[in-house]
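First up is the structure itself, then whatever we jot down about it.
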Amino acid sequence: MDKKKKIEKFEIACLVDNSAGVLTRVSSLFTRRGFNINSLTVGETEDPNISRMTISVFGDEKIRSQCIKQLRKLVNIRNVKEMMPDACVSRELALIKLRNNSQTRPEILAAVDIFRCKIIDFSPNTLCVEITGESTKIDAFLEVVKPYGILEMSRTGVVAVQRGCSYLFEDDLDESAFMETDRTDLIA
Amino acid sequence: MKKSGAEIIVESLIEQGVDTVFGYPGGQVIDLYDALYAYQDQLRHVLCSHEQHACHAADGYFRATGNVGTVIATSGPGATNLVTGIATAYLDSVPLVAITGNVSTNLIGRDSFQEVDIIGVTLPVTKHNFFVKSIDELAPIIHQAFEIARSGRPGPVLIDVPKDVQQAVTEYTPLGKAEKYVEKTVNSRQMAAAVEMINESKRPYIYIGGGSLGADVPDEIMQLAEKIDAPIGCTLMGLSAVPTDHPRYLGMEGMHGHYASSMAQHECDLIIAIGCRFSDRATGNVKKYVPQAKILHLDIDAAELNKNVSVNLGLAGDIHDAVIRMLDHVEEKKRPAWHQRIADLKQEEMFQQEQLANPHKLTPQALINEVAKYADDSTPIATDVGQHQMWVAQSYPFKQPRTFVSSGGLGTMGFGLGAAIGAAFGAKKRSILFTGDGSFGMNIGELATLKATGAPVVVVVFNNRVLGMVRQWQTLFYGAHYSNTDLHDRESDFAKIAEAFGVPGFKIDTLEEMPEVIAKAMAKSGPVVIDVKIDPDEFVLPMLPPGGSMDQIITMREEI
């Protein structure tokens, strides 16, 4: 399959004005352009006037570049950068409430231990696990504990920062993003 | 000095160079209208019959002048009536500042009388919008709104001002005229690549859109065409940038484009696209679009590059600067084979037109040519949307930039009369509106605005008693099932309607009487309506078949 048409998950980080309605503007943009949000997280930064969003999106190369370029046009958005997996650290947190009885408990506890999770709540019939890590780790843990019965769960969505000295405030207009070599949408 | 919010709004508008606002009063803008009353010597308010058409008027005001249009409406229904007008401006990148009133801040969110979340409603059709929470924000927001509307890729901005903010009083210091942001320029490495592409090309084709008007580069584009020996084609929005009688000019391309322009585009080996966005109406089937060509795309908006078609080289940045640099650096070159091919295509097109012409029939083209005799080079030519719009786009002899006032992207039927009024006020001269009986039915109430203001607008109605564009498709592709497109049973006498509004009305039924009646109508100095009966079976040709490519252009009815 054409590499450019391959649909993948990618993550975008934005610094946005911490003002009312910014989240609506971002989600409205995604709806209008037909982009699929996988997760979106937002929180204040060290500067109370600025919030940081991490958006995880499904899409091919075209959607990826449209997403970034359309976000850059929003007035309340200051910086936008794709968080490349090999140049970033990313984390997600999940709280998972599992069915619990004396037979399954040892197996669950073993899984909790292996995945380095924490038990944060316990009752005779349920236990609640807190897990932090890359999204794939959480997916893997869920696979393992699914058979025991997931009663409810809540995932935060991904947050990410770049590794090393790079940070989001740098001017990030990547000129190579505007260069293309061939016309991919023509029928041969 | 202490000023009320309403006064600050009016003072700020004057500061931004606004001389005319269009609008309609209502409960939540009484304070603003009170300020307009006080400032009427400095700021003219044009009362329209409906907020939508006030918004189109502000839009037409920009299209004819290049100055930001301004419109005022009240909360709730006043604000929602603006939406079509704002969306029209958004799709054509028209800078517009819309000011709406809203209920007082303590009533917001309680479903109060005439309360609507217009910020939420207009989010997807504005470049940005503002809700003014307190009077301290008001002046800076208006300043920023003009800055945003004008800068980069222009667009509409809405400011929602609650009644208590209009009534509050604060110290006001003028902030000065909002300037455009400094645009990023295309970097030299990319420019070098572009120049190389042009130099290497054997069959270049310059393709301009509305962005070329915004960037004010039509002259440089014509020089570029001379230097590289290339033809110029344009999109609907690029019309009027280059005079239609310019020897390099091939006309509009696309769904109803000119034959020579569309064929040349299909055969070229390089498209130099300047300020256009490859809309589906312009490209035909995108998968078969100009297969032999490389595409060089220059636009102020980086998000347009690779959005609708993938391009070989995309240049994002200030178009004015880029075109001048391009012009400086490209090799001056003759391309005789290509030049000859273009000449042949033009010849073919002329031959086709001669074949199609019928000197004994009252055709749309004959009507357009007759009306054009009474216009000068800078007369704004407005249209509504439909067949008449395409006929005007195809055959009106445009001479100067910003003389074509038409809804391209959104295709808003009902756009025309408001826009023609705005254009007449902006250009301070007579404007001409070509409309259809369908479109005219959507904005006919604005005849009252013509009557009241005496705005010199000549309304020419192509009255074919059908919704012609849809009917043309029904004829061609839907087995002639004329579902709800036949208007014979509601045929109106538009001349009489005009007279009833107090606007002189004229009727033309035959080719013979046409010149005389038009002369009579044009002799009036104020507004007139000319109702012209044309054949309901008249087609817009050429046309691209659905899903077709540029070379499949249909020029004769018999080919279908």
Restricting to lysines and to Cα separations under 26 Å from B:LYS428, and discarding same-chain partners fewer than 8 apart, the set is B:LYS177, B:LYS180, B:LYS373, B:LYS399, B:LYS451, B:LYS520, B:LYS524
Across all Cα atoms of chain B, Rg and the largest Cα-Cα distance (Dmax), in Å, are 24.1, 73
Using the Cα gyration tensor of segment B:312-470, the equivalent ellipsoid's semi-axes, largest first and to the nearest Å, work out to 33, 24, 15
Between the alpha carbon centres of segment B:405-439 and segment A:80-101 the gap in Å comes to 54 Å
Sorted largest first, the Cα spans of segment A:89-159 on the principal axes come out in Å as 37, 19, 18
XL table B:LYS127/B:LYS227; B:LYS227/B:LYS294; A:LYS73/B:LYS429; Cα-Cα > 27 Å flagged, in table order, is B:LYS127/B:LYS227; A:LYS73/B:LYS429
Per-residue average of other protein chain Cβ atoms inside 10 Å, peptide A:14-23 -> 1
Once both label points are put 7 Å beyond Cα along the C-beta direction, the B:ARG110-B:ARG44 separation in nm becomes 4.2 nm
Rounded to one decimal in Å, the inverse mean reciprocal Cα-Cα distance for segment B:169-282, i.e. its Kirkwood radius, is 15.7 Å
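Output the Kirkwood hydrodynamic radius of segment B:188-346, Cα pairs only, in Å rounded to one decimal.
Working: mean 1/r = 0.0663 Å⁻¹.
Over segment B:188-346, the inverse of the mean reciprocal pair distance is 15.1 Å.
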For A:LYS81, counting only aspartates and glutamates whose alpha-carbon sits under 14 Å away and dropping same-chain residues fewer than eight positions off, the answer is A:GLU11, A:GLU170, A:ASP171, A:ASP172, A:ASP174, A:GLU175
Taking a straight Cα-to-Cα line shorter than 18 Å from B:LYS287, and setting aside same-chain lysines fewer than 8 residues away, one finds A:LYS4, A:LYS5, A:LYS62, B:LYS307
For A:31-41, B:265-275, ranked highest to lowest by mean beta-carbon neighbours within 10 Å, the order is B:265-275, A:31-41
Simple spin-label estimate for A:SER19/A:LYS6, 7 Å along Cα→Cβ, in nm, reads 4.1 nm
Mean Cβ-within-10 Å packing, highest first, puts peptides B:351-363, B:422-434 in the order B:422-434, B:351-363
In whole µm²/s, the translational diffusion coefficient that Stokes-Einstein assigns to segment B:2-171, given a Kirkwood hydrodynamic radius over C-alpha pairs, 37 °C and 0.692 mPa s, equals 215 µm²/s
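Out of all DSSP beta bridges in segment B:2-171, what portion is antiparallel? Express it as a percent rounded to 5.
The antiparallel proportion sits near 10 percent.
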If R0 = 45 Å, then A:ARG116 and B:ASP117, at their Cβ-Cβ distance, give a FRET efficiency to the nearest 0.05 of 0.45
Computed over all unlike Cα pairs, the Kirkwood hydrodynamic radius of segment B:262-329 in Å stands at 12.4 Å
Taking the alpha-carbon centre of each part, the distance from segment B:29-52 to segment B:108-132 in Å is 21 Å
In deg cm²/dmol, rounded to the nearest 500, the helical mean residue ellipticity at 222 nm of chain A, built from -39500 (n - 2.57) for every DSSP H run of length 4 or more, is -7500 deg cm²/dmol
Note: B:LYS451 to B:ASP535 extended length (0.36 nm per residue) minus current alpha-carbon separation gives 27.3 nm
The alpha-carbon center of segment A:1-62 and that of segment B:446-495 are separated, in whole Å, by 45 Å
Of segment B:183-215, those with amide N under 19 Å from the point 7 Å along the Cα→Cβ vector of B:LYS334 are B:199-204
For the B:ARG281, A:GLU46 Cβ pair and Förster radius 41 Å, calculated FRET efficiency rounded to 0.05 is 0.30
Treating only Lys and Arg (+1) and Asp and Glu (-1) as charged, each at its beta carbon, one finds that chain B has a dipole about its Cα centre, in Debye to the nearest 20, of 420 debye
Rounded to the nearest 5, the percent of antiparallel DSSP beta bridges in chain B equals 5 percent
Semi-axes (Å, rounded, descending) of the ellipsoid equivalent to the protein assembly as shown per its C-alpha gyration tensor are 49, 35, 25
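Laboratory data are not the source of any read-out in this text; all were calculated from the coordinates shown. Bear in mind that the values here come from a model prediction, so they are computed numbers and not experimental data. Neighbour counts run over all protein chains shown; Cβ positions are idealised from the backbone, glycine included.
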